[in-house]
Structure formats: C-alpha cells, structure tokens
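Asker: Dumping the structure here so I can ask a few things about it.
The values are calculated or read from the model by the stated rules, or taken from the named source; none is laboratory data. The shown structure was predicted, so the numbers you read here are calculated from the model rather than taken from an experiment. Neighbour counts run over all protein chains shown; Cβ positions are idealised from the backbone, glycine included. Surface accessibility is based on the protein's heavy atoms, side chains included, excluding ligands, DNA and RNA. Shrake-Rupley method; radii C 1.70, N 1.55, O 1.52, S 1.80 Å.
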Amino acid sequence: MMTIKGFVKNSLIEWEGNIAAIVFLSKCNLRCQYCHAPHLVNNPCELETIPVDVVLESISKNREWIDGVVISGGEPTLCDELEPLIKSFKELGVKVKLDSNGTNPDVIERFFENRLLDSIAMDIKAPLEEDKYNLVAGVKCDIEKIKRSIRLIMESGVENEFRTTVCPEFLDKEDILDIARFIEGADKYAIQQFRPIICLNNELLKVTPYPKEMLEDFAESAGKYVKKCWVRGENKEMAPVSGKQAGWLW
Ligand code: SF4
C-alpha cells in the first residue's frame, strides 16, 4: 500500500533551480537522534494517508509550472510501490528527485539502470566508520551498503548532492573533513545546520548548534575536496559566498 503521509504542492527551495512538489513517504530504517520527522518514523500509521490520485491530480493540474517532484521521507526506498509512483510522475512529464539515506543501494542501482531519477540527494550521517555512524543514525548500519550507495551515485552521471547535518553532540570539523575526503570529487556537499527543534531524541533540544561562522569554516575546508560545498540553514536559499567552492545556503 502506498504510504504518502505528506504533500507540498509546490516549493521553490527544495530542488535548486526547479519548482517542485514534495511527497513524504512514511517509515524509516534509521533513528537519527536529531530527526525532525519523528511522526513519519515512529507512528506513521496514526497519520492520515494521502491518496496517490490526489497527488497525481494536483501535479497534473499544475503541470505547466511544476518542474518536478521530490520524493522524501522517512526513507522512500523502503516503499514497495516507489517504482510505480516514480513512473506515474514521469508519465505526467515531470522530473523526479529522490532523497535517500543510502541504506538500500540495490534500489538506487535499479533506479539508475532504469533511468528513473533526474536527481538524487543522499544523507551521509557521519564518517564511514561503524561506531560513529551507528551513534548518529541511532541503529546499527551496514556501512558497506552506505559506501556502495555513495559510489553508485558518484558514478551515475545523475545530478546529485550529498549532505550532512552537523550536530555538535556527534560531529566536529575533522569528521566533516573525513566525509569530504571519502566523497572527494563529488559535485555538491551541503553542510546542514542542526536545529534543536523537534528531535527524535528530546535530549538534543538542549544542544546549542555550532555558530554559522564555524560551519562556514567547515564548508571552506571541506570545499577543497569537492566541487561545491556550502552551509545550509533553516531558510533554504542558494547563496554561495566565498572561497573556491564554499558558500552559505540559509
Ligand atoms: S533523519 Fe534519519 S531517521 Fe529521520 S527520516 Fe532521515 S534517515 Fe530517517
């Protein structure tokens, strides 16, 4: 059964350069301590399901000025009917971007092989070592699968972005540089500000985020390894500010 639990008819900020609708699918296999979507992760059954037809009708009606659809979550690759959903969007003539935590490389590979994606964004929660990754993700992760997703994305030729939410409780500058070195040569790497509002782990509400200037410093250093690195805050506007490829997206 399709589990669309959220739908935004149009957004100017979710997919750079595109006006996009956003659908949120329920369920996730991670329990990131800072997750801002506990409703999608913990008790999705309590949320109203939005019928696919309602979503398709809205996109079809707005087709003239909608460029694409962002499929987010939760973790969309857990949904058995994700592929038909993507195909339904494609049939309407809109592009599709997938947000993923990278834990299901087989699904990502199949979508690339079938040319179903126009863009993909993948979270990298921590440096690619078990202890740190498991701590941030809140569950035991298969690091090899996550590494495989990264490789698939980097070799795909599909527009892509990697991103890391930087909560001071778990990550410091050296961790960000470790990640940047792992994805050396990647097109885009977004350093996302941690926001102590609605977290899966309520204890994190007491954590003070890193100051903006510190994250800019992280981005400038990480930008030496990737083509473009910037800081993303609460208000997603693209505004590169300095250095080789560093910038601020707030
Ligand atoms: S932040 Fe983590 S737990 Fe929340 S939806 Fe994303 S991957 Fe799942």
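Asker: Those residues that are under 20 Å from Glu83 (Cβ atoms), charged (D, E, K, R) and within 10 Å of the ligand (Cβ to nearest atom), I need them from the stretch 1-35; list them, please.
Answerer: Of everything in the stretch 1-35, just one residue is under 20 Å from Glu83 (Cβ atoms), charged (D, E, K, R) and within 10 Å of the ligand (Cβ to nearest atom), namely Lys27.
Asker: Further question: Looking at the stretch 127-145, I want the residues that are within 22 Å of Asn42 (Cα to Cα) and have a partner that is open to solvent by 90 Å² or more (accessible area, probe 1.4 Å) and part of a helix (DSSP H, G or I) with Cβ atoms under 8 Å, at least 6 apart or on another chain. Which pairs are those?
Answerer: Cβ pairs passing all conditions: none.
Asker: I'd like to check which helices (runs of 4 or more DSSP H) are fully inside the stretch 61-166 and have at least 3 residues that are under 14 Å from the mean Cα position of the chain (by Cα).
Answerer: Values: elements: 82-91, 105-113, 130-137, 143-156.
Helices (runs of 4 or more DSSP H) meeting the threshold: 143-156.
Asker: Can you work out which of the residues in the stretch 47-74 that are within 16 Å of the ligand (Cβ to nearest atom) and not hydroxyl-bearing (Ser, Thr, Tyr) is surrounded by the fewest Cβ atoms within 10 Å (Cβ to Cβ)?
Answerer: Taking the stretch 47-74 and keeping what is within 16 Å of the ligand (Cβ to nearest atom), we get 47, 70-74.
Checking which are not hydroxyl-bearing (Ser, Thr, Tyr) leaves us with 47, 70-71, 73-74.
Details: Leu47: 15, Val70: 22, Ile71: 26, Gly73: 26, Gly74: 26.
Going through the qualifying residues, I end up with Leu47.
Asker: Among the residues of the stretch 23-35, is there at least one that is in contact with a strand residue (DSSP E or B) (Cβ under 8 Å, 6 or more places away or on another chain), among the aliphatic types (A, V, I, L, M) and either in a helix (DSSP H, G or I) or surrounded by fewer than 22 Cβ atoms within 10 Å (Cβ to Cβ) (or both)?
Answerer: no
Asker: Sticking with this structure for a sec: Name the single residue, out of those in the stretch 75-92 being open to solvent by 10 Å² or more (accessible area, probe 1.4 Å) and touching a residue at least 60 places away in the same chain (Cβ under 8 Å), that is nearest to the ligand (Cβ to nearest atom). Step through it out loud before you land on a result.
Answerer: Taking the stretch 75-92 first, the residues open to solvent by 10 Å² or more (accessible area, probe 1.4 Å) are 77-81, 83-84, 87-88, 90-92.
Going one step further and asking which of them are touching a residue at least 60 places away in the same chain (Cβ under 8 Å), we end up with 79, 81.
Numbers: Cys79: 13, Glu81: 18 Å.
So, considering only residues that are open to solvent by 10 Å² or more (accessible area, probe 1.4 Å) and touching a residue at least 60 places away in the same chain (Cβ under 8 Å), the one nearest to the ligand (Cβ to nearest atom) is Cys79.
Asker: Continuing with this model, one more query. Which residues, counting only those in the stretch 156-202, are more than 15 Å from the ligand (Cβ to nearest atom) and among the β-branched types (Val, Ile, Thr)? Give the derivation first.
Answerer: Of all residues in the stretch 156-202, those more than 15 Å from the ligand (Cβ to nearest atom) come to 156-160, 168, 172-189, 191.
Scanning the stretch 156-202 gives Val158, Ile176, Ile179, Ile183, Ile191.
Asker: Among the listed residues Ala137, Ala121, which satisfies the condition of being closer than 28 Å to Ile66 by Cβ and among the hydrophobic types (A, V, I, L, M, F, W, C)? Before the answer, list the steps.
Answerer: On the way: Ala137 fails: closer than 28 Å to Ile66 by Cβ.
One residue alone meets the criteria, Ala121.
Asker: So in the stretch 36-46, with the set limited to residues that are within 21 Å of Leu82 (Cα to Cα) and part of a loop (DSSP other than H, G, I, E, B), which one is farthest from the ligand (Cβ to nearest atom)?
Answerer: My answer is Asn43.
Asker: Continuing with the same structure: Report yes if some residue within the stretch 174-182 is in contact (Cβ under 8 Å) with a residue 60 or more places away in the chain and either touching a Cys at 6+ places or on another chain (Cβ under 7 Å) or surrounded by fewer than 16 Cβ atoms within 10 Å (Cβ to Cβ) (or both); otherwise report no. Walk me through how you get there before you give the answer.
Answerer: As a first pass, look at the stretch 174-182 and keep what is in contact (Cβ under 8 Å) with a residue 60 or more places away in the chain: none.
Within the stretch 174-182, none of the residues are in contact (Cβ under 8 Å) with a residue 60 or more places away in the chain and either touching a Cys at 6+ places or on another chain (Cβ under 7 Å) or surrounded by fewer than 16 Cβ atoms within 10 Å (Cβ to Cβ) (or both).
Asker: Moving on to the next point. Where residues in the stretch 103-127 are within 16 Å of the ligand (Cβ to nearest atom) and farther than 17 Å from Ala190 by Cβ, which of them is surrounded by the most Cβ atoms within 10 Å (Cβ to Cβ)?
Answerer: From the stretch 103-127, those within 16 Å of the ligand (Cβ to nearest atom) are 103-105, 107-108, 120-126; that's our starting set.
From the residues that got through so far, the ones that are farther than 17 Å from Ala190 by Cβ too are 103-105, 107-108.
Details: Thr103: 22, Asn104: 21, Pro105: 21, Val107: 19, Ile108: 25.
This residue is Ile108.
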